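Heads up, the thing below is written out as structure tokens.
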Amino acid sequence: MTIFDIFTNQLLNGIVLGSFYALVALGYTMVFGVVKLLNFAHGELYMVGGFAGFLLLSFLAPYLGPGWFGVAVSMVLAMIAVGFLGVVIERVAYAPMLSAPRLSILITALAVSLVLQNGMLTLTKGQYVPFGAALGFGGVRLGSLFISYNQMVLVGVAGALMLGLELFVSRTQYGRAMRAIAVDKDMSRLMGINVNAVIAVTFFLGSALAAAAGTMAGAYYGSLWYFMGFLIGLKAFTAAVIGGIGSIPGAMLGGLILGLLESFGTQLPGVGSEWKDVFSFSVLILVLVFKPTGLLGKPEQERM
Amino acid sequence: MAQFPERPSPWGGLGAILDTPAKRWTAIAVILVAMAAAPFVFGSYGTVILTNALLYVLLALGLNVVVGYAGLLDLGFAAFFAVGAYTVGISTLHFGLNFWLALPLAVLIAIIAGVVIGAPTLRLRSDYLAIVTLGFGEIVRITARNLRETGGASGLIGIDSPWLFGWHIRTPLDFYYVFCVLVILGVIASVRLANSRLGRAWLYVRHDEDAAEAMGIDRVRVKLAAYIVGAIYGSIGGAFFAANLGAISPESFSFRQSVLILMAVILGGMGKIPGVILGAFIVILAPELLRDFGDLRLLIFAVGLLLIMLFRPSGIWPVRSKR
Amino acid sequence: MSLLELKGVSLSFAGSRVLDAVDFSVPAGAIVSLIGPNGAGKTSLFNCITGFYKPQQGSVRLDGTETLRMKPHQVTRLGIARTFQNVRLFREMSVRENVMAGQHCRTGAGVIDAILRLPAQRREEAATRDFAEACLRFVGITEGWDREATTLPYGWQRRVEIARALATQPKLLLLDEPAAGLTSGEKEELIGLIGRIRDERGIAVLLIEHDTSLVMRISERISVLDHGVMIAEGTPREIQSNQKVIEAYLGVEEDALDL
């Protein structure tokens, strides 16, 4: 393989990885924008989404087949289910806490995440669960670069979801309300915006996107694990920070950048794949040190 | 709904019950006698479990300074525990250093790591610290897994147990008493810190950063001090942990470990030393009692943590603190 | 030379100008008031002086030292203390502990001192305590030092906040609407207290206040801020008869005149 081949292959890998990161990062950023809360449980919603997709597919596969069609239907249903789970979590665990000190909210979010994670650990006895989709191995060869149809579908779906979200936020009434709340919650309430409804919609959308990523990851990589949300939660947060937390285009950009950084970073001399995670967390720390507002984020509001 | 932080008096209301010096000294004497006698009551297996519980008390006391006093969420506390353990392991095995020289080296490295991680992130919103410490914890664990010097995934074995003035600290009973002493020192240091200029500053900054700054308090510096004190406790715990077991491996320093220590701090009642001790004992003893539950154990803890946060954020320790 | 000297201070938030080339000064040992209609930028100016806001342009000097790039805690250390418009005492801490906060920047015991509790540390703790109690007595609070500060009556809380600011040993004390919410009796006491802060401690006082009669009685100089612009400066008598000030307060604006 030539340098160029390695380059194009890693570019492709980076884009696929980046799509997952971007989808999950969007949820972080949306929730943060509206309630200024880092939803630690967000990575776990990705994991739960994966398992929900798996469960649905095993019911639906006899009727719809285990191919992309079955996976797509399962994914949509999983998105709805996990979207509601996100809303329930917000109502039960976060809503009563929003006026409490930051530390309490953070610990509560952590507790929710641990409940989901260990709940799944108990259900699956800590085993890997094969996803059970049959997606085929076809693809297109461009020179030495092989792009599978799966990769295309995956990136395409991720792109479509992000486009849909962007349209929702920029064109609909709820989207405008979300942006208004992000700027000033109290003022929005005075202007007659139903803040609680908008927060619920935000959690629903963010969680649904994470579930979409989870289902697709399950179908693409072929197996699920109760701990799979932990790492991606951290990575997606990193992506959101790179792009500028609170910024929706930032989350997409950040996801893509992190995906590319990881796939190229592991090609650097001395940075094997075992160092991949160290590499991204170091990126996170460096970004926070040198540009905490990220690429597209607004500078932190002046204090007081 | 009850909300915290309440005024965290380090004694967690014990001061009101033990209100005369006579009562206090009696309580201290009873505790010391109980500590000394416990191994003979609970047998050799019990002693090992108790030693482990004492290690957790020490770690939880350290994390309590960060979380309970300064109100910062640290999700990678096991990293400092690892730094202590690996520094002792590597410097005694590869460089033939005496344990008592390796110990201050471990503390020094933990302090440096604390500054490197803390100084930039403590400027930012407190949520960022939680995530960065989580990332740092993983960095340390993965590094330990992948370096030759740290023994990779299988870790280090054959770490020597230390000598102290001709006493070879070697048996489980020896280590039990060593950890008793460490915990006693840890409690004293912790209480003294709470009742000091710095201890007050942690509360000021935690309650109202702006007002604290208007009083001339450098919030980053004050938070950094708490973070570093935590690092010191963690590294000392790790150093003695390595000496006690003689073998360490990366999985002892995982995210789960950080979470268990954090649970010890929160379940019992953060900011209150009796609460933290209670929490550490719950975290260590519950698995012994819940052995049949297997994987359910962590789920039970997680649900417990959520319920505590929603309904009794001041923790299990019963007395609402007052001073 | 003035104790506090502001030159051309301009501050904008998200494109809207809050302060526009403000020049302002406080002579050493003076009592100066800053008045102006709501939203004129008075508290913003306080925040620029104390380092909470960073003005885009201008200079703020205390005793000739530029403070513009300093953090709030550094400014306090240098000698400017403040109170807040809505009293901000530390919750769940006693009155005494609240006031002891002020001494933090004048003391230095760290982790090791606290753990070893050496004689020097004990002396420092005792001194901090004594100083805090002296400040409390100075503002007229002679009991209830162990009570939770936020459970005190409102007027007392205001005074605890002043004691806390005094405990930083400032050269200049900034009071943000100290009379708001006080009874007329308490206002009289406040006037006395402000006078004593200056006379007995030699501390210059700068206050934002809406109670005009109080302002007229205690101020030596008054500055008037309107829409981020300093429109007048002078003695109480001069300000009372200043046409621009009267217009600002009556809300006589162009659109009103167009009618």
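Quick note: the coordinates plus some simple rules give every number you see, no bench work behind them. None of these values were measured; they are calculated from a predicted model. Cβ atoms come from the backbone with ideal geometry, glycine included; neighbour counts cover every protein chain shown.
Numbers for the structure displayed
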read-out	value
Full-extension gain in nm, C:D23 to C:A180, via 0.36 nm per residue minus C-alpha separation	53.9 nm
Overall Cα dimensions of the protein assembly as shown - principal axes, largest extent first, Å	89, 80, 49
Where labels lie 7 Å past Cα in the beta-carbon direction, separation of C:Y154 and A:F59 in nm	5.8 nm
Charge dipole of the protein assembly as shown about the Cα centre (unit charges at C-beta), most positive-ward option of C:I115, B:W202, B:F40	B:F40
222 nm mean residue ellipticity, helices alone, for chain C (DSSP H n ≥ 4; -39,500 (n - 2.57); rounded to 500)	-11500 deg cm²/dmol
Alpha-carbon gyration tensor eigenvalues x 5, square-rooted, for the range A:62-185, Å	35, 24, 14
Cα pair distances of the range C:1-100 binned at 5 Å [whole percent]	3, 12, 20, 23, 19, 12, 7, 4, 1
Ranked packing of A:283-290, B:168-175, most packed first, by mean Cβ within 10 Å	A:283-290, B:168-175
Distance (nanometres) between label positions extended 7 Å along Cα→Cβ at C:R122 and C:I191	4.9 nm
Max mean-square fluctuation residue, GNM over chain A, Cα-Cα springs under 10 Å, options A:G164, A:G255, A:G50	A:G164
Principal axis dimensions, chain A - Cα atoms, whole angstrom, descending	60, 47, 39
Where only C-alpha atoms are counted, convex hull volume of chain C per residue in Å³	152 Å³
Choice from C:S44, C:S12, C:S223 showing the highest fluctuation, given a GNM over chain C with Cα pairs closer than 10 Å	C:S12
Net dipole in debye of the protein assembly as shown [+1 Lys, Arg Cβ; -1 Asp, Glu Cβ; about Cα centre; nearest 20]	1260 debye
FRET efficiency for B:E149 and C:R69, using Cβ-Cβ distance with R0 set to 51 Å, rounded to 0.05	0.70
Rg/Rg_globular for the range B:12-156, with Rg_globular taken as 2.2 N^0.38 Å and Rg from C-alpha atoms	1.33
Convex hull volume per residue for the range C:94-168, taking Cα atoms only, in Å³	81 Å³
Cα long-axis angle, helix A:3-35 against chain A (0 to 90 degrees, to the nearest 10)	20 degrees
Beta bridges by DSSP in the protein assembly as shown, antiparallel share as percent, to the nearest 5	65 percent
Stokes-Einstein diffusion coefficient of the range B:68-113, Kirkwood radius over Cα pairs, 25 °C, 0.890 mPa s, in µm²/s	216 µm²/s
Rg and Dmax of the range B:116-174, Cα atoms only, in Å	18.1, 50
Selection of trypsin sites (Lys or Arg not before Pro), the range C:140-209, meeting DSSP coil and at most 11 other Cβ within 10 Å	none
Solution diffusion estimate, µm²/s, Stokes-Einstein, the range B:23-72, Kirkwood Rh from C-alpha pairs, 4 °C, viscosity 1.567 mPa s	103 µm²/s
Using alpha-carbon coordinates, inclination of helix A:276-290 to the longest axis of chain A, degrees	30 degrees
Nearest 10 degrees, 0 to 90: helix A:195-221 Cα axis against chain A principal axis	10 degrees
Per-residue average of Cβ from other chains inside 10 Å of B:121-132	6
Highest average packing first - B:112-123, A:108-119, Cβ atoms within 10 Å	A:108-119, B:112-123
Axial C-alpha extent at least 15 Å, average Kyte-Doolittle at least -1.0 - helices from chain C (DSSP)	C:119-138, C:154-166, C:184-201
Net charge dipole size for the range B:41-256 [Lys, Arg +1 and Asp, Glu -1 on Cβ; Debye, nearest 20]	100 debye
Radius ratio Rg over Rh of the range C:124-183, counting only Cα atoms, Kirkwood formula for Rh	0.97
Positive minus negative residues near C:N38 (Lys, Arg vs Asp, Glu; Cβ under 12 Å)	-1
Neighbour-limited loop hits for chymotrypsin sites (Phe, Trp or Tyr not before Pro), the range A:136-219 (at most 11 other Cβ within 10 Å; DSSP other than H, G, I, E, B)	A:F137
Chain B: relative contact order as a whole-number percent, Cα under 8 Å and 6+ apart	36 percent
Which listed pairs, of A:K36/A:K235; C:K71/C:K187; C:K7/C:K42, have C-alpha distances above 22 Å, in listed order	C:K71/C:K187
Label point at A:I6 placed 7 Å out along Cα→Cβ; residues across the range A:244-278 whose backbone nitrogen lies under 20 Å	A:259-278
Rounded to 5, the percent of DSSP beta bridges in chain C classed as antiparallel	55 percent
Projected label distance in nm at B:A247 and A:F290, using a 7 Å step from Cα toward the beta-carbon	4.3 nm
Part-to-part distance (alpha-carbon centres) for the range A:151-226 and the range B:115-138, which is given in Å	27 Å
Gain on full stretching of the segment that runs from B:R312 to B:A27 - 0.36 nm per residue minus C-alpha separation	99.9 nm
FRET efficiency, C:E143 to A:D186 (Cβ-Cβ, R0 30 Å, nearest 0.05)	0.20
Mean projected area in nm² (Cα convex hull; one quarter of hull surface) for chain B	17.3 nm²
Ratio of the Cα radius of gyration of the range B:1-98 to 2.2 N^0.38 Å, where N counts its residues	1.48
Residue mean of other protein chain beta carbons inside 10 Å, B:142-151	2
Förster radius 30 Å - calculated FRET efficiency between A:S273 and B:L108 (Cβ-Cβ, nearest 0.05)	0.35
Partner chain coverage, peptide C:38-50 - average Cβ within 10 angstrom	1
